[in-house]
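The values are calculated or read from the model by the stated rules, or taken from the named source; none is laboratory data. Keep in mind that what you see is a predicted model, and the values were worked out from it rather than measured. Counting neighbours? That spans all protein chains shown, and the Cβs are built from the backbone with ideal geometry, glycine included.
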Amino acid sequence: MKGVVLTFLLFFFACDPGTIDIAGEVVSVADGDTMTILTVSGERIKIRLEGIDAPERGQDYGTKSRQYLNDLCYGKIVTVKSRGEDQYGRTLGVVYLGDLNINQEMVCNGLAWYYDYFVYDTKLDSLEQSARRQKLNIWSVKNPIPPYQYRKEKREKNR
């Protein structure tokens, strides 16, 4: 059944090439901003959710962020509006589960930062500000360390 649905999605979105670039079943969730999908052609594609940065493993809310994304998407068919690749060869994009924008969902629940270094998105910014005001998840910690800063400190420590 999933194959039929996936084939339909690929055909449907091929009619409007600017709308959706990739569709596939989520087969792995690495953390709160990275997943792997399996396309109908059998290709595995690692997706990095564009415009967000989720806590790393070992960081406050890192496990909860990954688990939330996994619970939302694992085993389900998602569509990805691709924005190219990052420096690690992962496909950058906005992920949709039906009409639900997963990138926004992670930020509005306080399980990812709006990563404005690469992307300007007023919606992600306002969702983060709302999550901060409500002290949701990462924003319940007094001085949360952004993942990019955590990674940098970890690299410097390992030198």
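Summary table below
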| quantity | calculated |
| --- | --- |
| Residues that are in contact (Cβ under 8 Å) with a residue 60 or more places away in the chain, within 16 Å of residue 62 (Cα to Cα) and aliphatic (A, V, I, L, M), drawn from region 86-142 | 106, 111, 112, 138, 141 |
| Enumeration of residues in region 86-116 that are part of a strand (DSSP E or B) and of a type in the set (S, T, N, Q) | 91, 101 |
| Test: residue in region 52-74 that is among the acidic types (Asp, Glu), over 19 Å from residue 22 (Cα atoms) and part of a strand (DSSP E or B) | yes |
| Matching option when the condition is within 24 Å of residue 154 (Cβ to Cβ), touching a residue at least 12 places away in the same chain (Cβ under 8 Å) and surrounded by fewer than 20 Cβ atoms within 10 Å (Cβ to Cβ), among 83, 57, 66, 44 | 57 |
| Residue count for region 106-119, restricted to those that are touching a Leu at 6+ places or on another chain (Cβ under 7 Å) and of a type outside the set (A, V, I, L, M) | 4 |
| Given (1) buried (at least 20 other Cβ atoms within 10 Å of the Cβ); (2) modelled with pLDDT under 95, index of the condition residue 23 fails | (2) |
